[in-house]
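Working notes, beginning with the structure itself.
Coordinate-derived values only; no laboratory data. Keep in mind that what you see is a predicted model, and the values were worked out from it rather than measured. Counting neighbours? That spans all protein chains shown, and the Cβs are built from the backbone with ideal geometry, glycine included.
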Amino acid sequence: MKIPKELIKYLQKSTHIAILTGAGISAESGLNTFREAQTGFWSQYRPEDLATPQAFARDPKLVWDWYAMRRNKVAEASSNSGHFALVDMESRTPNFTLITQNVDGYHVQAGSKNVLELHGNIQKVRCFDGCGIVDDWEDNSEVPHCPKCNAYLRPDVVWFGESLPLDALNAAHKATLECQAFFSVGTSGLVQPAASLAHTARQKGAIVIEINLDPTPLTPHVDFALHGKSGEILPALVKETWG
Ligand code: APR
């Protein structure tokens, strides 16, 4: 993949970069997407019927077991060259913000520091009653209880019908408004509000770069569309820009 010279020069002068990532960046880790994971016993359920507060209230053990299965898949795989390239990019950029829709935690695991996990993190749990307790996921076959208020502990991810964590969302908007370059990496750009961030960045004068296997609804609106695997394009881009 040839990285356009114009883009390299622009990035070399950029002090503020914001990146939005989606499921595509973890594809090369071997991780299935939300829907692809529905095999075997789980094929009788739709994710939309499991990833909701109502489903958890109705049958906590079923939802807990589904997330345990998904978490095991995350634990079996690990960060790939795309995640690591973003760690390098952060070290070369004075103001760098990595906004992710992924719950796998691979950006933090790879070593990225300023990461905003808009949809939460599957490796953590929090109190279902909202008392504020957040903890690491322990391998329990039964649904564990909150050490503070004894309610159930739930996966620390955003479920259908729930709002995104406000602090992360505000920080994502701030980074989007301030950046000179905005990357949309491995996301179909269909889910709001993450989908609108690229447009916001562009309106504020940033250049927008898309890295995706295929064209998306965002493609006609970007300055540079780099089609291919993020695990190949990102390392090449970082090497050519910063050496
Ligand atoms: N490199 C780059 N892009 C890739 C790669 C790859 N190796 N493999 C797949 N892609 C692209 C696909 O072309 C697609 O556009 O990644 C995108 C993945 O899109 P989605 O599966 O829709 O994932 P995402 O955009 O993260 O979805 C957003 O929707 O289902 C909810 O909460 C879930 O966080 C998720 C959100």
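Here the residues D129, D156, ranked from fewest to most Cβ neighbours within 10 Å of their Cβ, fall in the order D129, D156.
With springs connecting C-alpha atoms under 10 Å apart, model the chain as a Gaussian network and identify which of Q180, Q109, Q101 has the largest mean-square fluctuation. Comparing Q180, Q109, Q101 in the GNM, the peak value goes to Q109. Projecting label points 7 angstrom from Cα along Cα→Cβ for E142 and F41 puts them 1.8 nm apart. Listing Y152, Y106, Y45 from fewest to most neighbouring C-beta atoms within 10 Å gives Y45, Y152, Y106. Round to the nearest 0.05 the FRET efficiency obtained for E232 and C149 when R0 = 45 Å and r is the Cβ-Cβ distance. Rounded to the nearest 0.05, the efficiency is 0.40. Quick note on region 50-131: its Rg to Rh ratio, both from C-alpha atoms and Rh being the Kirkwood radius, is 1.07.
Charged neighbours of W137, selected by a Cβ distance under 15 Å, balance to -4 (K, R count +1; D, E count -1). Given the pairs K174/K239; K73/K204; K113/K239; K5/K73; K9/K124; K204/K229, which are separated by over 31 angstrom at their Cα positions? Beyond 31 Å between Cα atoms: K73/K204; K5/K73; K9/K124. Note on the chain: Cα convex hull, mean projected area over all directions, 13.0 nm². Here r is the Cβ-Cβ distance between E48 and K9 and R0 is 41 Å; the resulting FRET efficiency, rounded to 0.05, is 0.35.
Summing +1 for each Lys or Arg and -1 for each Asp or Glu among the other residues whose beta-carbon sits under 15 angstrom from that of V158 gives -2. Counting 0.36 nm for each residue step from L213 to N95 and taking away their Cα separation leaves a gain of 39.8 nm.
Taken along the Cα-to-beta-carbon direction at a fixed 7 Å, the label points for D135 and K204 span 3.8 nm. Counting beta carbons within 10 Å around each of L166, L116 and listing the fewest first gives the order L166, L116. Using only alpha carbon pairs under 8 Å that are at least six residues apart, calculate the relative contact order of the chain and give it in whole percent. Dividing the mean separation by the residue count of the chain yields 26 percent. Decide, for region 184-243, between rounded, prolate and oblate: order the square roots of the alpha carbon gyration tensor eigenvalues as a ≥ b ≥ c, take rounded if a/c falls under 1.5, and otherwise choose prolate if a/b is larger than b/c, else oblate. Judged from the Cα gyration tensor, region 184-243 comes out oblate (a/c at least 1.5, b/c at or above a/b).
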